[in-house]
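Here's the structure, in structure tokens; my notes come after.
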């Protein structure tokens, strides 16, 4: 699926694959399983399509800023260094990096 391409036909391609496993609440068990699955699948597809389109668009904007703005590259490098240090700290103190990352200052993200 080609979501972002230039006039030369080169672009950014992506594929998302996932599986959702859930149990149907008792209140819905009176409805046909196929109907519930169809509604659920449609809802998930719409949400993920919107998220995917935004992600691809934002990656493109972010790259454009990175490619054309040296200050942006420096700020991104500083942000990456901070996140890597935080991850190393969490993995050495026994949390395994499984905790949510702490908020960081906005450094001019695209979008």
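The values are calculated or read from the model by the stated rules, or taken from the named source; none is laboratory data. No experiment lies behind these values; they were computed from the predicted model shown. Note: ideal-geometry Cβ built from the backbone for every residue, glycine included; neighbour counts use all protein chains shown.
If you take the residues in segment 1-28 that are surrounded by fewer than 10 Cβ atoms within 10 Å (Cβ to Cβ) and over 30 Å from residue 59 (Cα atoms), which one is modelled with the lowest pLDDT? If we take residues in segment 1-28 being surrounded by fewer than 10 Cβ atoms within 10 Å (Cβ to Cβ) and over 30 Å from residue 59 (Cα atoms), then 22 is modelled with the lowest pLDDT.
Regarding residue 60, is this residue modelled with pLDDT of 85 or more, exposed (fewer than 11 other Cβ atoms within 10 Å of the Cβ) and under 27 Å from residue 15 (Cβ atoms)? Spelling it out, it is not the case that residue 60 is modelled with pLDDT of 85 or more, exposed (fewer than 11 other Cβ atoms within 10 Å of the Cβ) and under 27 Å from residue 15 (Cβ atoms).
Of the residues making up segment 84-107, just one is surrounded by 11 or more Cβ atoms within 10 Å (Cβ to Cβ) and either modelled with pLDDT of 90 or more or over 30 Å from residue 18 (Cβ atoms) (or both), namely 89.
I need every pair where a residue in segment 29-41 that is surrounded by 10 or more Cβ atoms within 10 Å (Cβ to Cβ) has its Cβ under 6 Å from the Cβ of a residue that is at pLDDT below 85, sequence separation at least 6 or different chains. Note: pairs meeting the criteria are 36/28.
If you filter segment 42-82 down to residues that are touching a residue at least 40 places away in the same chain (Cβ under 8 Å) and in contact with a helix residue (DSSP H, G or I) (Cβ under 9 Å, 6 or more places away or on another chain), you find that the one that is nearest to residue 21 (Cα to Cα) is 62.
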